[in-house]
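Undergrad: Pasting a structure here, questions to come.
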Amino acid sequence: MNRNILQRRALDKQVAFALFLFLVSFTLPFLQSRENRISEEFTVSAFSLGIGPILLLLLAPLVILTSAFIPNRKRAALLSTVAAAFGIFSPLLVLSIVGNALVADLGAFARYSPASGMYVYLAAVSILYLMKQKAQSRDKVALFLVMLLAIGMGFIGMFDRLGILLEARNLGTRLWREILAHVRITGVSLLISMVIGIPIAFLAFINKAVRRVVFPILNVLQTIPGIALFGLLIAPLAALSMAFPVLREWGIQGIGNAPAIIALSMYALYPIIRYTYTSLSGIDEQVVLAAKGMGMNSTQIWKIVRLPLATVGILHGIRVALVQTLGNATLAKLIGGDGLGVLVFEGLGQASVDMVLLGMLLIIALTVISDRLFQFLINVFTPASLIREER
Amino acid sequence: MQLPFHPILSDTSIFLQAERISVRYGETEALKEVFLQIPTNRVTVLIGPSGCGKSTTLRCINALVKLSSGVISYGDESIQNMSETQLRRTMGYAIQSVGLMPHLSVEENVDLVPRLLGWERSGRGERVGRLLNLVRLEPGIYRNKYPHELSGGEAQRVGVARALGADPPVLLMDEPFGAVDPLTREQLQDEFIRIQRQLKKTVIFVTHDIDEAIRLADYLVIMKEGEVVQADTPEKILSSPQDDFVERFLGPDRSLKRLSLFTADHCCIQEVLSGLEGPSKSVLPEDSTRCYWQVDEGNRPLKGFMWINGRLVSRVVHSVNHTVQTYSSMRECMATILSLGLPAAAVVDDEGHLFGEVRFETIQTISVS
Ligand SMILES: Nc1ncnc2c1ncn2[C@@H]1O[C@H](COP(=O)(O)OP(=O)(O)OP(=O)(O)O)[C@@H](O)[C@H]1O
Ligand SMILES: [Mg+2]
């Protein structure tokens, strides 16, 4: 009972904060339009949107406010699901309707995009989602339906003039190329750092001398800023490719993807070696002693005890490295590499906010998706006993 | 050169002999020139204050720690000439910290050594069930649990089952019942004695608990700061402790402890007065000093009768608290006699049938002897 009240209070604090953010969002420009991709933007605040859009936008905060006052917990939960769903759907709808109206008489290159108000609004909505301790299937279904609706709206052309989609269309096949390049650069770097890092971690675990050498180097490597490491590699690789022209045929030269991949794999070494080493050394010494005591030879101790117990930790290290590399791969563009960094840095160069945003969103999406996929993989590999332990 | 020999059991051979073994961990000297002989097919109990080197001694025996000096020999063979893994597989080892494999179920843990030895798969599951029953864990409930789902005492018992896994001739048990409650501990000790009587393994058992030590030991080794202070039969040690340390270690109730050395079946009288009905005057005359046991059709005792001060006193005895087992210690017998208020306690066998009675006079005789 007491705990219920406490929970309720904590919840109400979150609701209050969300409502505050909703309020703030109404004071900020909600969306903006431009005559072309780099011209001055024309912002529109939520108050000037007209009664229909305002009502639509008010739906989520009002419903969540009501839910906070309903004593029946089940109904309150249902209302919060509704609020969260509308919290995503309404701004999208308002964005497309008002945006299309705004750009209607601005010419063929005109576009609209969300402005700060809408971002704050979505932040408030995200609090509604984070508030729930565990996402219920109902919330997932609602979110899925909203996504379907949004995609449907896209298909009938309601988002045709949305800035980032315009940008994506302009890029055409180049967009796909950069996405694939990003994935490839990340994948190759990760593979290299796994092939090098995991054996090094095992060696470090077995041999004290190796440990003494590896970890200081790793720590220094980790403190070099990313861009500096990328830059540092230009000179030696350029020299190498000059000396051995064969290397150039393989794509190894001072600038381009090769130095990017080398730098990225060096960065990924840290989490991979750290996690692998920690999951090996973290195994309870008493368990190993017991295994020895019952007459396992060292091969059997590795096979039956150490490897099964370390696998999950090693996979987690790879996952951390993957997420980190996906982000860092953005920097590849700085030394002439490919990948989504191209969009970000070209966009910055051309002062095209939409292009930068497109690049960023794609990187985030890639990261989230691959993280999820990897987590799934880890779950498959985790022995039943250890899964239960985590819960 | 004169070695510091300790007395050894005369009725059995020497399984293992440690000559002047020392173990150093860096600065600390865990064992200092220990001399020890372990009798074959008997229970040797190592006891002593924390940190005196009991666990280290066990680890020397299965070659888990390297000797700094000295020799351990098994029969005629020196440990240095044996394959360590082969040696360890002949010795069940219940390690002090239990050390169950966290990623394996209880069943897989118990089954580990048979698996290592490459035993036929069929029958192994059944064997696991038997072993779990032996340590008083219901196989149906515990078989598929994982170590983190067990209490400390349950994990410890799984550890013991695992040590017994491949039916090794030698058992090294490092405080195997340290984390269980007194009641279960006593049951496990009973069970241990029962099994040991049948199987006659060579057991080296480490404990902190002097009562447990006296109860289980055929040969008791008292250690202190990496040295063996006294090693002999518990009777000998109880009747003539070597020095102050041993005496203090045994505690003030030495004579009471001596009672734990004797089990009911060795001291009980098997010709008892019993019958399906209550006692008639002819069977149990008013001047008799004996007990009469009323039993059911299965010869299980129901009531005890006795003339006290001209009055026929009767006590209901049909619960396990009011009778003693054949392998119960005389100390337990005395507790039962006192709580019943009869001058004797009924002894029942494994099936609960009346086996005999333990009389108070017998206990008196033992304690003055
Ligand atoms: N791996 C080790 N490294 C360093 N010192 C150790 C190690 N193992 C044991 N020791 C030391 O050796 C001495 C004897 O330890 P041991 O484990 O044999 O004691 P014990 O009699 O089993 O004690 P307890 O009853 O507490 O289990 C102790 O002083 C201990 O600190
Ligand atoms: Mg110990």
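Undergrad: Conditions first: (1) in a loop (DSSP other than H, G, I, E, B); (2) acidic (Asp, Glu); (3) within 16 Å of ligand 1 (Cβ to nearest atom). B:Glu212 passes all but one, so which condition is the exception?
TA: All conditions pass for B:Glu212, except number (1).
Undergrad: Which one is nearest to the other protein chains (Cβ to nearest Cβ) among residues in segment B:161-176 that are within 16 Å of ligand 1 (Cβ to nearest atom) and either touching a Gly at 6+ places or on another chain (Cβ under 8 Å) or closer than 21 Å to B:Thr40 by Cβ (or both)?
TA: Among residues in segment B:161-176 that are within 16 Å of ligand 1 (Cβ to nearest atom) and either touching a Gly at 6+ places or on another chain (Cβ under 8 Å) or closer than 21 Å to B:Thr40 by Cβ (or both), the one nearest to the other protein chains (Cβ to nearest Cβ) is B:Leu172.
Undergrad: Further question on the same structure: Output the number of the condition that A:Ser385 fails; it satisfies all remaining conditions of (1) at pLDDT below 90; (2) surrounded by fewer than 21 Cβ atoms within 10 Å (Cβ to Cβ); (3) farther than 30 Å from B:Pro168 by Cα; (4) not β-branched (Val, Ile, Thr).
TA: Among (1) at pLDDT below 90; (2) surrounded by fewer than 21 Cβ atoms within 10 Å (Cβ to Cβ); (3) farther than 30 Å from B:Pro168 by Cα; (4) not β-branched (Val, Ile, Thr), the lone unmet condition for A:Ser385 is (3).
Undergrad: Just to check your reading of the model, which residue among A:Gly337, A:Gly295, A:Gly282 is in contact with a Leu (Cβ under 9 Å, 6 or more places away or on another chain), farther than 18 Å from A:Phe230 by Cβ and in contact (Cβ under 8 Å) with a residue 24 or more places away in the chain?
TA: When all the criteria are applied, what remains is A:Gly282.
To keep it simple, each residue is scored yes or no on (1) away from chain A (no Cβ under 14 Å); (2) within 16 Å of ligand 1 (Cβ to nearest atom); (3) farther than 16 Å from A:Lys292 by Cβ.
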residue: B:Leu36; (1), (2), (3): yes, yes, yes
residue: B:Val65; (1), (2), (3): no, yes, no
residue: B:Ser83; (1), (2), (3): no, no, no
residue: B:Arg89; (1), (2), (3): no, no, no
residue: B:Gly92; (1), (2), (3): no, no, no
residue: B:Leu117; (1), (2), (3): no, no, no
residue: B:Arg124; (1), (2), (3): yes, no, yes
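Undergrad: So if I check each of B:Ser55, B:Ser50, B:Ser22, B:Ser10, which one is within 10 Å of ligand 1 (Cβ to nearest atom), among the hydroxyl-bearing types (Ser, Thr, Tyr) and outside any helix (DSSP H, G or I)? Break it down stepwise before answering.
TA: Details: B:Ser55 fails: outside any helix (DSSP H, G or I); B:Ser22 fails: within 10 Å of ligand 1 (Cβ to nearest atom); B:Ser10 fails: within 10 Å of ligand 1 (Cβ to nearest atom).
It is B:Ser50.
Undergrad: I would also like to ask the following. Test of understanding: among B:Arg185, B:Arg88, B:Arg124, B:Arg162, which residue is under 30 Å from B:Thr263 (Cα atoms) and modelled with pLDDT of 90 or more?
TA: Working: B:Arg185 fails: modelled with pLDDT of 90 or more; B:Arg88 fails: under 30 Å from B:Thr263 (Cα atoms); B:Arg124 fails: under 30 Å from B:Thr263 (Cα atoms).
It is B:Arg162.
Undergrad: Quick one: what pairs do we get from segment A:306-323, first residue without any contact (Cβ under 8 Å) to a residue 40 or more places away in the chain, second of a type in the set (Ser, Thr, Tyr), C-beta under 6 Å, 6+ apart or different chains?
TA: A:Ala310/A:Ser279; A:Gly313/A:Tyr275; A:Gly313/A:Ser279
Undergrad: Please work out if B:Ser240 is in contact with a helix residue (DSSP H, G or I) (Cβ under 9 Å, 6 or more places away or on another chain) and among the polar types (S, T, N, Q). I'd like the intermediate steps shown before the answer.
TA: Values: in contact with a helix residue (DSSP H, G or I) (Cβ under 9 Å, 6 or more places away or on another chain): no; among the polar types (S, T, N, Q): yes.
Considered against the rule, which asks whether it is in contact with a helix residue (DSSP H, G or I) (Cβ under 9 Å, 6 or more places away or on another chain) and among the polar types (S, T, N, Q), B:Ser240 comes out as no.
Undergrad: Could you figure out which of (1) within 30 Å of A:Gly256 (Cα to Cα); (2) out of contact with any Leu (no Cβ under 6 Å at 6 or more places or on another chain); (3) not small (Gly, Ala, Ser) isn't true of A:Leu289?
TA: Failing condition for A:Leu289: (1).
Undergrad: Also: The conditions are (1) assigned to a helix (DSSP H, G or I); (2) surrounded by 20 or more Cβ atoms within 10 Å (Cβ to Cβ), and B:Leu256 fails exactly one of them. Which is it?
TA: (2) is the only condition that B:Leu256 fails.
Undergrad: Which one is nearest to the other protein chains (Cβ to nearest Cβ), of the residues in segment B:222-241 that are assigned to a loop (DSSP other than H, G, I, E, B) and either within 15 Å of ligand 1 (Cβ to nearest atom) or loosely packed, with under 15 Cβ neighbours inside 10 Å (or both)?
TA: Just the residues of segment B:222-241 that are assigned to a loop (DSSP other than H, G, I, E, B), to begin with: B:225-226, B:233, B:240-241.
With either within 15 Å of ligand 1 (Cβ to nearest atom) or loosely packed, with under 15 Cβ neighbours inside 10 Å (or both) added as a condition, the list becomes B:225-226, B:240.
Values: B:Glu225: 23, B:Gly226: 20, B:Ser240: 36 Å.
Ranking the qualifying residues of segment B:222-241, first place goes to B:Gly226.
The values are calculated or read from the model by the stated rules, or taken from the named source; none is laboratory data. Small disclaimer: the values here were computed from a predicted structure and weren't measured. When we count neighbours, we look across all protein chains shown, and the Cβ atoms used for this are built from the backbone with ideal geometry, even at glycine.
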